[in-house]
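Below is one structure, written out as structure tokens; comments come after it.
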Amino acid sequence: METSVLLVFGSFVWMALAWFFRQHRNFHIIAMCLLMLFDFFFPVYLYMTHDWWQRLIVEKEVLDFLVWSHLMLDLVLYALYVLQILAGRAMLSASNHEDYAAHQGEHAKQFLGILVVRILVFSSGALLIVPSTAAS
């Protein structure tokens, strides 16, 4: 589970880099696309490296409120990513400065939403971590 925590922390550092270098359009677009792919495939990685069948089905944790809250936050994050992509594409195709500025403001507001929801997604995921018992 330590690897998962490090990957998540690294993804936030990557997101900060993408934001910091947002004036470099090509880097920003590639960095954010890679971050979105990370967020999309991170649950697949977790499924492949952990025994979710035992925990969710056998131990019936699939009925827990926290699991469903985490899932809903994931879906909200994916929806925000779609809106962010649409706003970014609109910025790229803007024909004048006023249109560009309007889409840029929308894009910036959605970034704040994505940041908050990402923090909530990974915080709720951290709450689902079961500490491993070390054999002494």
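The values are calculated or read from the model by the stated rules, or taken from the named source; none is laboratory data. Nothing here was measured: the structure is a model prediction, and the numbers come from that model. So basically every Cβ, Gly included, is an ideal-geometry build from the backbone, and we count neighbours across all protein chains shown.
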| said: Just to be sure I understand, how many residues within segment 1-28 are without any contact (Cβ under 8 Å) to a residue 60 or more places away in the chain and out of contact with any Leu (no Cβ under 9 Å at 6 or more places or on another chain)? | reply: 16
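Hey, can you tell me all the residues within segment 29-44 that are without any contact (Cβ under 8 Å) to a residue 12 or more places away in the chain and either more than 16 Å from residue 82 (Cα to Cα) or part of a loop (DSSP other than H, G, I, E, B) (or both)? Walk me through how you get there before you give the answer.
Residues of segment 29-44 without any contact (Cβ under 8 Å) to a residue 12 or more places away in the chain: 30, 33, 37, 41, 44.
Scanning segment 29-44 gives a single hit, 44.
Counting just the residues of segment 53-90 that are acidic (Asp, Glu) and assigned to a helix (DSSP H, G or I), which one comes out nearest to residue 42 (Cα to Cα)?
In the first step, residues of segment 53-90 are kept if they are acidic (Asp, Glu); the result is 59, 61, 64, 74.
Adding the requirement that they be assigned to a helix (DSSP H, G or I) leaves 61, 74.
Details: 61: 20, 74: 11 Å.
The selected residue is 74.
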| On the given criteria, is residue 58 in contact with a Lys or Arg (Cβ under 9 Å, 6 or more places away or on another chain), at pLDDT below 95 and β-branched (Val, Ile, Thr)? | no
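Residues are listed down the side, and each one gets a yes or a no for (1) more than 12 Å from the chain's Cα centre (by Cα); (2) hydrophobic (A, V, I, L, M, F, W, C); (3) exposed (fewer than 13 other Cβ atoms within 10 Å of the Cβ):
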site	(1), (2), (3)
46	yes, yes, no
57	yes, yes, yes
61	yes, no, no
65	yes, yes, yes
88	yes, no, no
114	no, yes, no
122	no, yes, no
